[in-house]
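Peer 1: Mind having a look at this structure? Questions to follow.
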Amino acid sequence: MFFNIFQSQSDPDLNVSPEDLKAKMDRGEKPVLVDVREPWEVAINRLEGAVTMPMAELGQRHAELDPNAEIIVYCHMGVRSLRATKFLKDREFKNVKNLTGGIDAWSLKVDPKVPRYR
């Protein structure tokens, strides 16, 4: 089956925009933030309170997450986290979404104090 990343990135059932996540947080909602980046990336920047669970560990560690919780997965640009979101949905996680554009989009659209990297 062909995986169309561009179509998936615009699917509202799989994604949340940085602005919408910020609005949720401003309302006092506390989704579980799951950062699937590598430790060296997390050392550069991160969202406060995020659970660090690199993609390579997700298969073994996803049971640490509550499948009934609201979960927002993010990475650098949103590609790895989209794959992680689909992985979790395939394992009966009901309320999991990808942060569209990752932490890079968060920095550009919500909080420019969050350092960007390549």
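Only the coordinates and a few stated rules stand behind these numbers; no lab work does. Keep in mind that this is a model prediction, so the values were computed, not measured. Virtual Cβ from ideal backbone geometry, glycine too; neighbours counted across all protein chains shown.
Peer 1: Give, rounded to the nearest 20 debye, the magnitude of the charge dipole that the chain has about its Cα centre when Lys and Arg contribute +1 at Cβ and Asp and Glu contribute -1 at Cβ.
Peer 2: For this selection, approximately 200 debye.
Peer 1: Right, here's the next one. Using each residue's phi in the range 75-90, evaluate 6.51 cos²θ - 1.76 cosθ + 1.60 at θ = phi - 60° and report the 3J(HN,Hα) Karplus result to the nearest Hz, with x for Gly and Pro.
Peer 2: 9, 6, 10, x, 7, 4, 5, 5, 4, 5, 4, 5, 4, 5, 4, 5
Peer 1: Please give the contour-minus-distance gain from Val79 to Lys94: 0.36 nm per residue of separation, less the Cα-Cα distance, rounded to one decimal in nm. Mind showing how you got there, number by number?
Peer 2: On the way: separation 15, 0.36 × 15 = 5.40 nm, distance 1.99 nm.
Using 0.36 nm per residue and subtracting the Cα-Cα distance, I get 3.4 nm.
Peer 1: Between Leu33 and residues 5 or more places away or on another chain, which pairs have amide H atoms under 5 Å apart, with H built 1.01 Å from N, and which residues are they?
Peer 2: Val51, Ile72
Peer 1: Using the Cα centre of the chain as origin and beta-carbon charges of +1 (Lys, Arg) and -1 (Asp, Glu), tell me which of Ala69, Ala43, Met25 is placed farthest towards the positive end of the dipole.
Peer 2: The Cα lying farthest towards the positive end belongs to Ala43.
Peer 1: For the range 38-118, compute the number of Lys pairs whose alpha carbons are separated by less than 20 Å, excluding pairs fewer than 8 positions apart on the same chain. Show your work: numbers first, answer last.
Peer 2: On the way: Lys86/Lys94; Lys86/Lys97; Lys89/Lys97; Lys97/Lys109.
Lysine pairs, 8 or more places apart or on different chains, close enough: 4.
Peer 1: Let me ask you something else. Going by amide H atoms built from the backbone, whose H comes under 5 Å of the H on Asn15, apart from near neighbours?
Peer 2: The answer is Asn98.
Peer 1: Please rank Trp40, Trp106, fewest neighbouring Cβ atoms within 10 Å first, as an exposure proxy. Before the final figure, lay out the partial values.
Peer 2: Numbers: Trp40 8, Trp106 23.
Result, fewest neighbours first: Trp40, Trp106.
Peer 1: Tell me, what is the percent relative contact order of the chain, built from C-alpha pairs under 8 Å that lie six or more residues apart?
Peer 2: Numbers: 188 pairs, mean separation 36.2, N = 118.
Value for the chain: 31 percent.
Peer 1: Sticking with this one: Could I have the simple spin-label model distance between Lys24 and Lys109, label points 7 Å from Cα toward Cβ, reported in nm to one decimal?
Peer 2: If labels sit at Lys24 and Lys109, their model points lie 1.3 nm apart.
Peer 1: Just add up the charged neighbours of Lys24: K/R +1, D/E -1, any other residue whose Cβ is under 12 Å from the Cβ of Lys24. Walk me through the numbers on the way to the answer.
Peer 2: Values: positive: Lys22, Arg27, Lys30, Lys97; negative: Glu19, Asp20, Asp26, Glu29, Glu70.
Every neighbour counted, the sum reads -1.
Peer 1: Can I ask one more? Mind listing the phi-derived Karplus ³J(HN,Hα) values for the range 33-48, rounded to whole Hz, using 6.51, -1.76 and 1.60 with θ = phi - 60°, and x for any glycine or proline?
Peer 2: Once rounded to whole Hz, the list reads 8, 10, 9, 9, 7, 6, x, 5, 6, 4, 5, 7, 6, 6, 8, 3.
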